[in-house]
Structure formats: structure tokens, C-alpha cells
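Report on the following structure.
The values are calculated or read from the model by the stated rules, or taken from the named source; none is laboratory data. Here the structure is a predicted model, which is why all the values come from computation and not from measurement. All Cβ positions, glycine included, derive from the backbone under ideal geometry; neighbour counts span all protein chains shown.
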Protein chains: 2
Amino acid sequence: MKIVSKIIPAEYERILQRPKEVQEGLEQKVSRIIERVEQGGDEALRELCREIDGRVPQQFEIPPYQLVLAGSDVDGHLKSAISQAIENIRTFHQAQLPMPVSVETMPGIRCSLHYEPIEKVGLYIPGGTAPLLSTVLMTAIPASLAGCREIIACTPPGAPPELLYTLSLFKMRVFSIGGAQAIAAMALGTESIPKTDKVFGPGNAWVTAAKMQLAGRGLAIDMPAGPSELMVIADDTAIPSYIAADLLSQAEHGPDSQVVLVATSMDIIRATMDEAGRQIEKLPRREVARQAMRQSLAICADNVQQALDISNYYAPEHLILSVREARKAAGQIRNAGSVFLGNFTPESAGDYASGTNHTLPTGGFARAWSGITTSAFMKAISIQEITREGLLKLAPAILQMAGAEQLDAHASAVLQRIQKPPEDVI
Amino acid sequence: MKIVSKIIPAEYERILQRPKEVQEGLEQKVSRIIERVEQGGDEALRELCREIDGRVPQQFEIPPYQLVLAGSDVDGHLKSAISQAIENIRTFHQAQLPMPVSVETMPGIRCSLHYEPIEKVGLYIPGGTAPLLSTVLMTAIPASLAGCREIIACTPPGAPPELLYTLSLFKMRVFSIGGAQAIAAMALGTESIPKTDKVFGPGNAWVTAAKMQLAGRGLAIDMPAGPSELMVIADDTAIPSYIAADLLSQAEHGPDSQVVLVATSMDIIRATMDEAGRQIEKLPRREVARQAMRQSLAICADNVQQALDISNYYAPEHLILSVREARKAAGQIRNAGSVFLGNFTPESAGDYASGTNHTLPTGGFARAWSGITTSAFMKAISIQEITREGLLKLAPAILQMAGAEQLDAHASAVLQRIQKPPEDVI
């Protein structure tokens, strides 16, 4: 852990810089995969499976009976845990359903905003080292609540029973394909995988590169994603053993995980590091965690106020506020994905089951992007209705502005209506 | 106008296809501009101005006094019109401010969603053939209402007094630079133009290409934009002279404007075309309108229901429902940017002054994207707070799921807290 004992605002940029990950040639390779899927459809997907996974699936779609059958291999306790998580996530995401807006801006002029589900959405569920069944919940629950008509999920081949079981709990079609080619298939469509209008879900560098390249062509995506991040702000009410555990829970994600501790004293930093040193020995993924911790950062801030400033500058994906009056401090947070208050709110609660979404903007993107919300699966449509009287009142404004923009036909559309109103127009 | 007298769903794709605009070499040129701005900052901007506009501005920022002074060259009637438009747009966009959400998902577990303004936003105000002062209102009003701290606007050199005056009405910095280089400057920052977190506003093919390329790098943008579109659904209550005027108001935007009439009888189509033929002669921009009308489409649908299906398939930017019980019909609209109901709601009302936003998704992007709303200038941050009792109740779910995902440190962050609670932890 790199320790910074004092920091001034002019140094924020340099010290809080995230490591740039450059994977040589990745962009070109991903661009070639997208091109192949676009031109070759299913046949290209099969070729890619042969090249990358070494085997070609008989069919990409996992039949529903296979998903359901997987449930018999899943432990009852895990099933209960998943049920509990679903309940909490559903409760919070249900409350997020956007309300329609309707106002009369002037007498006779009514403007409204209605929310409609995005009809076809694609969910990417990563495989890799750990089967992320929680990602199924974090994407499928809001998609279902929003009312999306066609939900499809792609996950790499070899999904374990726990993941298949979790997928079986939602009304959607599931395809056994991963990586950049899965994103390309959901964005562009193939014979067997439907084209969707928006693609959600985290993934590795290949998946992210594919999402971003397709976003450059207009594909709607949930957010740009990168290595996971945690910032912990700790004052003297923080418990070093708790926050050490939190830092490690972030570090075990991968060697590129970003871990930052901002404490109000060197004592807290030292005690936390000691604790982390003890706890890391017991972790099965200690080698991964060690690599991440080696690149991590501890900053001694002047006070909680400066710590919050640092956090707003950094815009962390996850932010734990282990400070006095954490709720009040949270009122000053301007940029973050998800915030965890107090001593009994570990980040892992939000990863699984508190009810909040764990798909969050990383890499400083929290400055402009939100984590997944229910409205991310919807779009707003504005509707306006004007009466003849309303149009008469508004006409001067429209005519003046159309005149200034030299758009005479725009003015004419109003003049036609107010100059010669047929008696029987409704 | 191409007339289709009968259409079946299998033909929607072919008949409703939008023309693909391919500008040879545009992508490469734009990519080179972005690269130059990224590497050269202001100096690169100056060189680009010299190459493209033939002259280099002394400074990019337009001093506030110059904006304010422009007001003395603006007609009082236009000023009143702008005031009226501002009032209506403000009323509607104020009502859109998202409400925070807060629920207890389980006893002791509180999850909330707060909305914070995006701190730094960039607005692109196109110049070109017509000075789009309305675009200033459509972007600056929601940005101000959202509470964005730093708002900057870029507009091509040579802005007329009307545009400068409109810009002077908002608290923001204005820069005299246009095209792809303006987008690159707002996304990447230069010595004189601040880097922003999200870029809004319409533009020509160069501007759009720059927005999309930078979106591929994670820049948040309002939406992909392309040539403007209008679909009109008309039954026998529609007035041909009104909808002809609407079609022409769309057509005058540019030769690539998309105009589609879907009527329930050939009589309506014929009467509308006759009217359009008469009205077009009186338009100053008739040559532009004529080109757009030549490529436009009229479809005779079996009934209003099929017309709505066609519209949902096409996902038009603007949709006029000139039908009986238009409000009821609007309830079936799944994909559209903005909808105009009845005989007295011309599209030009929404372009300027009804209160709705005129920056809307084109090219079928309305299937997944919204037009500009106030919340487009904000992001959602989730906050959770768990009590010790709450964590005890939730622990089994977290531990089970962390176990299934083989993330032991995630479990440990919970175990640390529930196994040995120091007496005095708050």
C-alpha cells in the first residue's frame, strides 16, 4: 500500500490517477470480432467459439428445462439466500419506477413525460473465475420491473448449476456465449440471438471494449465499465478490522482492483494495514488480493471534509463512509456510484442483498453516469396537446422564433391552423 | 413522395428503412481532429480554425459583455417570444426534477437513491444555415434547473446577435468554436476550454461523428443524433392543409430530413399531397423542402391500429397523431421521441415554445434513448445504511451468495462485523 501522509488539492490529479490499462491490440481484435459477427451471424459465432473456447456448442440457446433442472443441484440455503436478495432488490427497484409528469405550461398547453420500457434488452452475465449469479439479479430484476418485453441473457459456456438456477427464476431467454462476440450478437443480432436495443452488465476488458465500440455506433449501454473500485473514508470511529476486511473484499476481485483508504490519522492507516496483513493470510484468493493491495493507496487527510473533497474528485465506484454522522457526510457526496454508511454497512452487503444495484460506474465515470436503476430499462417520451385557444396564445412566440431561425415552414404550420380554422375541426 | 398503398408487417423493415448516410472518409477525418485537439490543445484548435474557417479568433471565449451588448440589436418582440418560451420550457423541465427514493428493504436496512447534478456539462449550439437559438433554451434550461455547476457552450464563429443574446440569458461560459473540434475540446479539455463530463446538443455529421467516437471512449452524451424526422398519423379527422404544413416544416430542415405520412385512406394522402404542392411554392426554403419531400414516404394503413404499429416499428423522432381520440391512441405509443396530439398541436410548437424538449433521438434510437430531460443532467447515487441488527438478519444471504461466487473476503467483511462487535461501536 502506497501511503501519502499529506495531500493538497493541486496534487489530487497526480496522486489519485488510476492506472491506465492498455492491452496491446485488444481494440483491433475486438473490432474484428464485431465485424465477423455482423457479417457471418451464427456461423461466425460458431467459428469464434471453436477458436476461443476450443469447442462449438450444438445450439446457443440453453433450453428452459435445462435451467429449471439445474435447481435440483442447488443447495436449499443458497436458494433461500437468493430469494431474500431478490426480495430486497425488488423492493428497492420497484420504488425507483419513474412517475409520469404532466403539467399545463400555459392555459391550453399540456406537456407530459411518459416512461415506456425499452422493448428488447440484453444482459451480459460474466463467467470467468467466479460465477456472478448476483449479476443476474442486478440486471434481470429491474428489466422485469420496467416491463421489458424481450429480455435475453448471454453467459459464457460452462455455467454452473447455481447460475443456471438463478437464470431460471426470470422470464427470459438464455444463450451460452461469452466475450466480445456475445455483446456483438446482442447488439447486431444473429439467426439465433435476437438484436436488442440496449445492453447491460459488467465484463472483462474484451466485453467492455465491445460495448464501447458498439456504443460508438449508437448502441445504448448501461455504462462504461472497468476494474472495480472501493474508497473508504475513516475517522477515529472506524474499526480497523472492519475496514481492512472491506479493502480486502475489494482487492480479491482481481489484481487490477482499485483500493483507496482515506483516513483522518496515520494511526488509523497503520492499524488498518496491520489488520489487513493478518486477515489476508486466511483468504483463498490471497495472491490476487495481495497484488491489488500492493498497488493500493492510503491517504492521510486533514479531516473528514478534505476526505470528502478527495472522494468527490476521485468519484469512486463504491464509497464507505466510516465516520461520525455518516448520513450527514453523505449529503456532501457529489460523485460516487454507491455509498455505504457507518460501521455495519460492508460493501459486500450491496454486492448481493441489501437491495441496491451493484452494477456501477468505475474509472471516474460516476461523474456523469449512474449505476443501473430501473429507469435505465426505460425511456421517456414527451407528449403535448394544445387547444386552439392555447395555440392562439402561443403563436406569437413560435412565429417570432421561427422567423429568427429563418424557418418559414415552421411558422406556416401555425399560421395554417390559426388563419383558417374550419368550423368542424375537433 | 413515394406512396405505399398497402403494407404488411413483413414489409415494415424494407419499406421503413431509413437512407444510410455514408460520408466517405468522415470518420477518419473526425478521428484525426480529435487526436489533434487531444495532443495540441488550443494551438491545435487555432490551426483547425485556420484550415476550416479561414481565420483564427483572437480568443475562443466570447466575453460576457459582448453577449449582453448583443441584446441591443435584438427586436423586443423576439425577446418577448424567447421569454415566453423560457417560461414554458422551465415549467415543464422543473416538473421533471427527479425525486429521491428511500425505502427500508428489510428492518434495519435502508436503501436510497439521490440525484446529483453532473458538475461540468458542455452544450453544442449549431450554427450553419439557421442560428438555432431554440437549442440554447433546450439545453441550458434543464442544465440550470439540474444545478450543474459549470456549464459551457460552444457555437461556431459568427453567431448572430439573436443567438448571442439568448446565450447571455444563462449563467455559463460561451466559446466561439464549432464542429468536431468543439466536441473534442469539451470532451478532452484544452488550455482555454474546460473538460466537461457530458456533452449535449445536436449538430451536423461531423459533430455527430465526434460525439459518437468520444462516446466510444466513455464520454457521456445526450444521444446519438442524425437527420430530423417526422411521422404523421392521419385519419379522416385530420385537416390536409395542417398536416401538409407539418410535413413541409420538417422537410425544410434539410434535404436529408425524413418525412413519413401514415394515413387511413388514399384520399387523405392525395389531399395532403395536393396541399403540400400548393404550400411549398410559397416557402423561401422550397428547394431544400422539395428534395426532402421527393424522398419522403406516404403509407396507406388499414386503420389507426396498424398506423400505430408502423410507428412503433419505425420509432420516429417526432410523431403527430392527427386522429380521433388522439390521447387514447398515444397510450399505445411504445417508441417515439415526442408526440403531438390532435389538430392544433403542430410540431413547430414543440420545436420552440410549448415546453417540451426538441433535442430528441432520431434514426430509430427512440427505441432505447430519451430526448433531453432534466435528469439527463443528473446522475443517481445509491446510498445504503445498515444497523447491526439489520446486518445480522441479512448475513446468511450475503454469506451464502459470497460462498457461491467463491469470494471469501466478501463473506469475511460481514463475519468481522457480526462475530466480534466491540461494545462501543456506533
A:VAL199 vs (1) of a type in the set (Val, Ile, Thr); (2) touching a Leu at 6+ places or on another chain (Cβ under 7 Å); (3) part of a helix (DSSP H, G or I): all pass except (3)
- prompt: Looking at the range A:351-358, is at least one residue free of Cβ contacts under 8 Å to residues at least 60 places away in the same chain and either hydrophobic (A, V, I, L, M, F, W, C) or more than 9 Å from every other protein chain (Cβ to nearest Cβ) (or both)?
  reply: no
Quick count over the range B:248-290, residues being part of a helix (DSSP H, G or I) and more than 25 Å from the chain's Cα centre (by Cα), is 18
request  = Can you confirm whether the range A:221-229 contains a residue that is more than 30 Å from A:GLN305 (Cα to Cα) and at pLDDT 95 or above?
outcome  = yes
By my count, strands (runs of 3 or more DSSP E) wholly in the range A:48-126 with at least 3 residues that are within 17 Å of A:LEU145 (Cβ to Cβ) and not polar (S, T, N, Q) are A:109-117, A:120-124
Going through the range B:126-140 in order, the residues found to be within 11 Å of chain A (Cβ to nearest Cβ) and either at pLDDT below 90 or out of contact with any helix residue (DSSP H, G or I) (no Cβ under 7 Å at 6 or more places or on another chain) (or both) are B:GLY128, B:THR129, B:ALA130, B:PRO131, B:LEU132, B:THR135
Among B:PRO19, B:PRO63, B:PRO57, B:PRO100, the single one that is in contact with a His (Cβ under 8 Å, 6 or more places away or on another chain) and of a type outside the set (Val, Ile, Thr) is B:PRO100
Sole miss for A:ILE299 among (1) part of a strand (DSSP E or B); (2) within 7 Å of chain B (Cβ to nearest Cβ); (3) over 21 Å from the mean Cα position of the chain (by Cα); (4) not small (Gly, Ala, Ser) is condition (2)
Selection from the range A:64-77 of residues of a type outside the set (Ser, Thr, Tyr) and surrounded by fewer than 20 Cβ atoms within 10 Å (Cβ to Cβ) yields A:PRO64, A:GLN66, A:VAL68, A:LEU69, A:GLY71, A:ASP73, A:ASP75, A:GLY76, A:HIS77
Of the candidates B:GLU104, B:GLU119, B:GLU162, the one satisfying the condition of being of a type in the set (Asp, Glu) and surrounded by fewer than 18 Cβ atoms within 10 Å (Cβ to Cβ) is B:GLU104
If we ask which residues in the range B:306-334 are away from chain A (no Cβ under 11 Å) and within 20 Å of B:SER5 (Cα to Cα), their number turns out to be 7
Apart from one, (1) touching a strand residue (DSSP E or B) at 6+ places or on another chain (Cβ under 6 Å); (2) surrounded by 24 or more Cβ atoms within 10 Å (Cβ to Cβ); (3) not in a strand (DSSP E or B); (4) not aliphatic (A, V, I, L, M) all hold for B:THR135; the odd one out is (1)
Among residues of the range A:222-238 being surrounded by fewer than 24 Cβ atoms within 10 Å (Cβ to Cβ) and of a type outside the set (Ser, Thr, Tyr), the residue farthest from the other protein chains (Cβ to nearest Cβ) is A:PRO227
Going through (1) aliphatic (A, V, I, L, M); (2) surrounded by fewer than 20 Cβ atoms within 10 Å (Cβ to Cβ); (3) at pLDDT 95 or above one by one, B:ALA301 fails only at (2)
Given the conditions (1) part of a helix (DSSP H, G or I); (2) at the interface with chain A (Cβ under 7 Å from one of its Cβ atoms); (3) not polar (S, T, N, Q), every one holds for B:ALA376 apart from (2)
Margin query: If I filter the range A:206-219 for residues that are crowded, with 20+ Cβ neighbours inside 10 Å, modelled with pLDDT of 95 or more and of a type in the set (Phe, Trp, Tyr), do I get at least one hit?
Written below: no
